[in-house]
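Every read-out reported here was derived from the displayed coordinates using simple, explicitly stated rules and does not represent laboratory data. Bear in mind that the values here come from a model prediction, so they are computed numbers and not experimental data. Methodologically, a virtual Cβ is constructed for each residue, glycine included, from the backbone with ideal geometry; neighbour enumeration extends over all protein chains shown.
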């Protein structure tokens, strides 16, 4: 919204006022103004929600007060377009830079430093390992990269300019409790900021493939999705700290997730059980074009993480239940299934899926959802609805059918992924709407 | 008597020596006591760079006789947001001298629509009300 208002003001010289609920307003006149647009855009704060409510309620919104100025809402809109600019709104050019963060914090006691780190929003509210110089130096031995090497500049939410170095990530790795041998993984993870955020309850998932899984003792077997291994646990925690410290995500300041997600506690940090893949089923990183001997980190993001609940049964093939369960996904056209090796072997040996790709093809052809249910999801209607209105298929066609018409909502099999993970004590699986791009090399950060 | 005093002194000295050794040893092993030590640590925080300041466009003296575009961001992606229709009706009723044009932005709420911005400028739109997002 700020981007479009900025274009109208700056490029076309048209006074603009933006109407939004308080979270967007607070971000637009706060962090986004200071670090991204540089424009003190004028906003009017309206209540939420905007849709699905009665006309009388909408009229009461207009008769209510602007959440920014406290004036009657419509008067505030008129004022934003007519009140002369303040001195602050006329400012241009480079602002005086505030002093940068010092390399060291003032010496203090352990208790006070633990409190300081929590107060500054640098923790997940569990105690951290204090990053002394000796510990950070030891962490830096886990990579050949220089401490002052710049990893990325545009790391803030919406790509604001928050440059960070290898040393900053070493500090965070220490805080999370990492061993130096985890450090290349955490560096690769840091290269992926900014991580996806939303006012809705999205989350990320971190998948590690290749030899490093074994080298750092990640658990890809029994209990792999639970708190059962130091490496899985600590790397997931490092991501949480990178999100808040490097990206600068602070709830209510630079991010506004109404419920957030419990998956964010460890960012579903897992490794694929490559050793237990059925013959012909390739690890995820090899499917992406990497060599088996490459170590690769893949970042997934999505909303739904649905448990199959029980084991596979004799009288209903696993792919049928997976197909059925796709109906509750966010319907972004993507799906990722996490399955125990026993399920993968069943799918291959009893159902004839010789490859992961074959399963993706089958699901793409067979997964269906009523059109009305598909469009009822605001993620879908917000992103795919406009594409349909522009005539893009299949969305355009799906808008024309009746709400109970079944549509094949996973049209591209390449957006359906399978991760084999688990210890073969039960034939269980999860289906998610998580999507991913191409993984990144961990070896490049050794 | 002197021997007794000497013995007492020796005992006291021995006790002092024992105690002087014992107390620091306890302090080293006691986490509560070690928390009182000052520790220097590295700072994890990064410095966020401030954006170059850009001034706003001068405002209108009045809205009377002006054309104001009300642009729907297409937040839910389907048919626009009814609240902006209510804004348009409010102008018609309370400020009839203001010409309002309601437009639905193309693409999703995050997609840019340069053609619409150009259209507004070409058609001499004097101001824009942009909404809504949540």
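Among rounded, prolate and oblate, which fits segment A:177-319 when a ≥ b ≥ c are the square roots of the eigenvalues of its C-alpha gyration tensor, a/c under 1.5 means rounded, and a/b larger than b/c means prolate? Judged from the Cα gyration tensor, segment A:177-319 comes out oblate (a/c at least 1.5, b/c at or above a/b).
How big is D, in µm² s⁻¹, for segment A:234-300 by Stokes-Einstein at 37 °C and 0.692 mPa s if Rh is the Kirkwood radius over C-alpha pairs? Rounded, D is 227 µm²/s. Taking chain A as a Gaussian network of alpha-carbon nodes connected by springs under 10 Å, the highest mean-square fluctuation of the residues A:316, A:195, A:265 belongs to A:316. Shielding value for A:57-65 is 3, the average number of Cβ atoms from other chains within 10 Å of each residue's Cβ. Segment residue A:87..residue A:75, full-extension length gain: 2.1 nm, with 0.36 nm per residue of separation and the alpha-carbon distance subtracted. As a rough footprinting exposure proxy, the listed residues A:154, B:48, A:134 were ranked by other beta carbons within 10 Å of their own, and the order from fewest upward is A:134, A:154, B:48. Result for chain A in a Gaussian network model with C-alpha springs under 10 Å: among A:240, A:432, A:16, the largest mean-square fluctuation is at A:16. Once you sort the root eigenvalues of the Cα gyration tensor of segment A:313-446 as a ≥ b ≥ c, which label holds: rounded (a/c under 1.5), prolate (a/b larger than b/c) or oblate (the other case)? It comes out oblate by the Cα gyration axes. Modelled spin labels at residue A:324 and residue B:119, positioned 7 Å past Cα toward Cβ, are 4.7 nm from each other.
A Förster radius of 41 Å, combined with the Cβ-Cβ distance separating residue B:52 from residue A:201, puts the computed FRET efficiency at roughly 0.70.
Between residue A:153 and residue A:12, the contour length at 0.36 nm per residue exceeds the alpha carbon distance by 47.8 nm.
With the biggest extent put first, the Cα atoms of the protein assembly as shown measure 114, 71, 42 Å across the principal axes. Rounded to the nearest 500, the helix-only mean residue ellipticity at 222 nm of chain A stands at -9000 deg cm²/dmol, with each DSSP H run of n ≥ 4 adding -39,500 (n - 2.57). Modelled spin labels at residue A:54 and residue A:125, positioned 7 Å past Cα toward Cβ, are 3.8 nm from each other. Counted over segment A:332-382 with a bin width of 10 Å, the fraction of Cα pairs per bin, in whole percents, is 21, 41, 24, 14, 0. Classify segment A:100-223 from the C-alpha gyration tensor, please: rounded if a/c falls under 1.5, else prolate or oblate depending on whether a/b exceeds b/c. Taking the square roots of the gyration eigenvalues as a ≥ b ≥ c, segment A:100-223 is rounded. Each Cα pair under 8 Å and six or more residues apart adds its sequence gap; the mean of these over the residue count of chain A is a relative contact order of 15 percent.
With a Cα-only, solvent-free Debye model of segment B:67-131, what are the log10 I(q)/I(0) values at q = 0.12, 0.22 Å⁻¹? Evaluating at q = 0.12, 0.22 Å⁻¹ gives log10 I(q)/I(0) of -0.29, -0.90. The label-point distance for residue A:291 and residue A:97, in a model that sets each label 7 Å from Cα toward Cβ, rounds to 4.2 nm.
Which parts of segment A:194-220 would a label at residue A:228 reach, counting a residue when its backbone N lies under 15 Å from a point 7 Å out along Cα-to-Cβ? Of the residues in segment A:194-220, A:217-220 have backbone N under 15 Å from the label point off residue A:228. For the segment A:111-117, counting C-beta atoms of other chains within 10 Å of every residue's C-beta and taking the mean gives 2. The shape of segment A:2-90 can be summarised by an equivalent ellipsoid whose semi-axes, obtained from the alpha carbon gyration tensor, come to 24, 14, 12 Å from longest to shortest. Inter-chain neighbour count for B:68-74: the average number of beta-carbon atoms from partner chains within 10 Å of each residue's beta-carbon is 4. Treating r as the C-beta distance of residue A:279 and residue A:443 and R0 as 35 Å, the FRET efficiency rounds to 0.85.
Using a Gaussian network for chain A with springs between C-alpha atoms less than 10 Å apart, which of these wobbles most: A:408, A:168, A:65? Maximum among the listed residues: A:65.
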